[in-house]
Amino acid sequence: MITTRHLLITGTAALAAFGVVGCSSDGGSADRSGSSAARDVVAYHADYPAYDSLDAVIEESDLVVKGTVVNSRVERMLPETSADGDPATNPQAGLSPEELAEARAEAEADPVVVTVSTVKVSQVLAGDVSVGDTVEVSQLGGTYKGVTYKERSTTALAGRGTEYVLMLADNGARNPYDLLNPEQALYTVGSGGAVKAVSGGGFNNAGRIGQLADRTHRISAR
């Protein structure tokens with residue numbers, strides 16, 4: 001059975017849309033095989049910010065790195081359930097304890113599932129990390145408790161030695177990074193250093209990794 005959930009991503013990336021008050025891991029790496037072990041499929045439909053050019057993505061990125069995935073895990077993200085704050089920014093502001101408990105139960109029954117990949121950095125194009133560091137990158141989707149969650153524009157990071165260029169948004173010290181856009185901010189590095197978009201929604205003028213590094217340095221220096 002396939003069901004569809006609509007998620008409006010109004011910030012720079014997926015994690016920015018949710019206040020994390022709890023998460024749990026499925027254990028081990030994310031299951032991207034699409035095997036029959038999954039009982040159901042939930043199809044996310046997320047609206048991401050779109051950019052007019054590769055330069056615009058680079059300019060908005062907090063971190064641009066080349067690296068490979070060394071580990072991954074699946075987590076569920078629960079929207080914050082708090083009666084505090086401004087009703088303009090928190091729809092639950094002013095709810096009674098009983099109403100908050102009901103909202104929390106609904107969130108736990110229908111969580112947002114993400115895959116968090118640990119990426120080892122082999123080249124820094126922009127941002128405050130070093131070669132050899134690891135960064136965590138969150139993407140919508142994954143297999144959690146027998147249910148596969150998929151977002152149509154998201155290509156899950158592979159852990160088979162594939163080299164990626166990632167253009168990332170910083171969500172704070174306790175949260176993973178996110179791609180600014182799942183298609184426009186994700187590229188592979190192939191033979192001879194050629195940088196290619198993972199899907200047709202990305203930009204095809206990235207060139208080779210050395211050219212992209214020079215381009216990124218110029219943009220970051222503006």
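Each part gets one Cα centre, and for the stretch 121-142 versus the stretch 154-187 those centres are 8 Å apart. Between E136 and A101, the FRET efficiency estimated from the beta carbon spacing at R0 = 41 angstrom works out to 0.85. Full extension of the chain between D55 and Q211 yields a length gain of 54.9 nm, computed as 0.36 nm times the residue separation minus the alpha carbon distance. Projecting label points 7 angstrom from Cα along Cα→Cβ for R160 and D40 puts them 3.0 nm apart. Where Lys and Arg each count +1 and Asp and Glu each count -1, what net charge lies around Y187 among other residues with Cβ under 13 Å from its Cβ? Spelling it out: positives minus negatives among the neighbours equals +2.
FYI, it's all coordinate maths here, none of it is from the lab. What you are looking at is a predicted structure, and each value in this text was computed from that prediction instead of being measured. Positions of Cβ are backbone-derived with ideal geometry, glycine not excepted, and every protein chain shown enters the neighbour counts.
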